[in-house]
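First up is the structure itself, then whatever we jot down about it.
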Amino acid sequence: MKTKIIISVILIILVGTVIYFVIQNERQGDERELEKDRYEYLSTSKSSKLEGIEIESIIEYEDYYVLGVHFPITKNEKINIVIKEFINEEIDKFKTDAKEFFEGSPPPGGFSSWKYELNIDYIVNRPSEKIVGFKFNIYLFTGGGGIQFIKTYNFNFETGEEITFNNVFKKDSDYLNVLSELSAKQLIESGRIGDLVSEWMLELGTAPEEKNFERFGLKENSIIFFFPKYQVAPGAAGEQYVEFKYEELKEVLNPEITKNPIEPEEIKDIEVPDVPKVEVEGSSLAAITFDDGPHPTLTPLILDELKKRNAVATFFVVGNRAQYYPEILRRIIIEGSEIGNHTWSHKGLINLPPEEIKQQISDTQEIIETSTGIVPVTLRPPYGKIDDVVIEYAEMPIVMWSVDPQDWKNKDSEIIVAHIITETDDGEIVLQHDLYLWSAEAVGPALDRLISDGYKFVTVSQLLGFDKDPSKAKPGVVFRMRE
Ligand code: ZN
């Protein structure tokens, strides 16, 4: 009898031990699998078209003007000098005009209702390893519908030499006449000018003269020429362009231009690995938000501070910046934080036509989805400016803020920390920007204090209850804090 009991006990212990090790092993296996998924998720890099290029943004909010200017910083200093000079000139000109306006008599409704705005954004053309081009869109709002114009640059990416219109074609060829003829033909046949065709404007604007074709972009398989408003058609027809396949211009094209083309990339579907969630039941909650990023060093710095404290946040990213830092977007997601939409180029939405409001939002949704596999569910409009049209076309809830340490103006982390800890109550949404070091440095101390007071930091979706009840994330609703 005794022996039987002893044998049974030994057996139970043995079986138990085996089961324990099997479970442990499986668990470790699961963890390894999760680690591997995370690693794969984090490791995908940005588009090869943007290799060697980063983005710099200047965003300012003054009493009488707002300004959102984005420009490329490349691996070639010579190129950077040319671009920076152009950008500085545009900003200086704008600020002088805005100041003059401000010193004059205030517009109806006061300066707060009607600010001057400058927005500069750009696209990158990268037909080959050796060539890089930028098309800048300059938008100036001083009332009415605003003014748009364009500026193009093309460079040899290795030497930094500018590629001018003349470099693109064979010197001894008849390229000006060829371009003139083909352009007039394409403008008519494409129907892009519609009923507004004016024979004499078309003839003058596409005449075989260099000045008519100086704005151009070199793409993967084609060259595009931009014609500003009034060049080839009446103003109401807007900006025009013509685009020709390199093949079409083979006879007159400098063969250097089409050498070593960059292969187009395939877009892969991204699977988002599991992200553990922090338990928040019964705590005081606050949501900290960061606008205008991502930033290559400051966003990771903020993520480090959050991680140390088991806190998460919401990053309202600007689409044109997001395309340069997909790995940072993925890190935001994998660490349990949230990404919101802060539009493509940070234009004030209230002055834009509905189609452009939609475009600003949908382009940003798209780049975030292709980079992370996640579709944002909230919008924060640039400069916090909204009206009924913006609310309608946002097609998702708008999330404003309730605590604003004005970190763009208060360039001192102690002031920012003090403001956040005195103003933040249960359910509030704090506004910061991940473009400023002094604001990033305020994150740790502010969090430490509020966490010791019993706060937990969650995403805006958690704070507003969207994660548990998606029906709360209704379009047309504007949130400033938890209701
Ligand atoms: Zn902003």
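A few notes on this one:
- Among the residues of the range 240-299, those that are among the hydroxyl-bearing types (Ser, Thr, Tyr) and within 26 Å of the chain's Cα centre (by Cα) comprise Tyr241, Thr289, Thr297, Thr299.
- Among the residues of the range 59-87, those that are open to solvent by 70 Å² or more (accessible area, probe 1.4 Å) and away from the ligand (no atom under 15 Å from the Cβ) comprise Asp63, Lys75, Glu77, Lys78, Ile81, Lys84, Glu85.
- Within the range 221-293, strands (runs of 3 or more DSSP E) holding 2 or more residues that are in contact (Cβ under 8 Å) with a residue 60 or more places away in the chain: 240-245, 284-291
- Any chance Gly110 is away from the ligand (no atom under 16 Å from the Cβ), on the phi > 0 side of the Ramachandran plot and loosely packed, with under 12 Cβ neighbours inside 10 Å: yes
- Filter result for Ser362 (in contact with a helix residue (DSSP H, G or I) (Cβ under 7 Å, 6 or more places away or on another chain), among the hydroxyl-bearing types (Ser, Thr, Tyr) and not in a strand (DSSP E or B)): no
- Checking Phe149, Phe155, Phe101 one by one, the residue that is modelled with pLDDT under 95, in a strand (DSSP E or B) and more than 16 Å from the ligand (Cβ to nearest atom) is Phe149 and no other.
- So Glu161, is it closer than 30 Å to Lys75 by Cβ, charged (D, E, K, R), open to solvent by 50 Å² or more (accessible area, probe 1.4 Å) and in contact with a Pro (Cβ under 6 Å, 6 or more places away or on another chain): no
- Residue match in the range 399-417 (condition: within 16 Å of the ligand (Cβ to nearest atom), under 13 Å from Phe479 (Cβ atoms) and surrounded by 19 or more Cβ atoms within 10 Å (Cβ to Cβ)): yes
- Being more than 14 Å from the ligand (Cβ to nearest atom), aliphatic (A, V, I, L, M), out of contact with any Cys (no Cβ under 8 Å at 6 or more places or on another chain) and in a helix (DSSP H, G or I) is not true of Ile374.
- Test: residue in the range 324-332 that is open to solvent by less than 10 Å² (accessible area, probe 1.4 Å), assigned to a strand (DSSP E or B), away from the ligand (no atom under 16 Å from the Cβ) and of a type in the set (A, V, I, L, M, F, W, C): no
- Residue selected from the range 379-398 under the condition within 16 Å of the ligand (Cβ to nearest atom) and open to solvent by 10 Å² or more (accessible area, probe 1.4 Å), by the criterion nearest to Glu355 (Cα to Cα): Ile386
- Residues of the range 447-464 that turn out to be of a type outside the set (Ser, Thr, Tyr) and open to solvent by 30 Å² or more (accessible area, probe 1.4 Å), as a count: 7
- A count restricted to the range 426-446 and to residues that are surrounded by fewer than 18 Cβ atoms within 10 Å (Cβ to Cβ) and touching a strand residue (DSSP E or B) at 6+ places or on another chain (Cβ under 8 Å) stands at 2.
- Flag for Ile302 being buried (at least 23 other Cβ atoms within 10 Å of the Cβ), within 16 Å of the ligand (Cβ to nearest atom) and without any contact (Cβ under 8 Å) to a residue 60 or more places away in the chain: no
- Boolean, Glu56 is outside any helix (DSSP H, G or I), free of Cβ contacts under 8 Å to residues at least 40 places away in the same chain, within 16 Å of the ligand (Cβ to nearest atom) and not hydrophobic (A, V, I, L, M, F, W, C): yes
The values are calculated or read from the model by the stated rules, or taken from the named source; none is laboratory data. Quick caveat: nothing in here was measured; it's all calculated off a predicted structure. Note that each Cβ is placed from the backbone with ideal geometry, even for glycine, and that neighbours are counted across all protein chains shown. Surface areas here come from the heavy atoms of the whole protein model, side chains and all, with no ligands, DNA or RNA. Shrake-Rupley method; radii C 1.70, N 1.55, O 1.52, S 1.80 Å.
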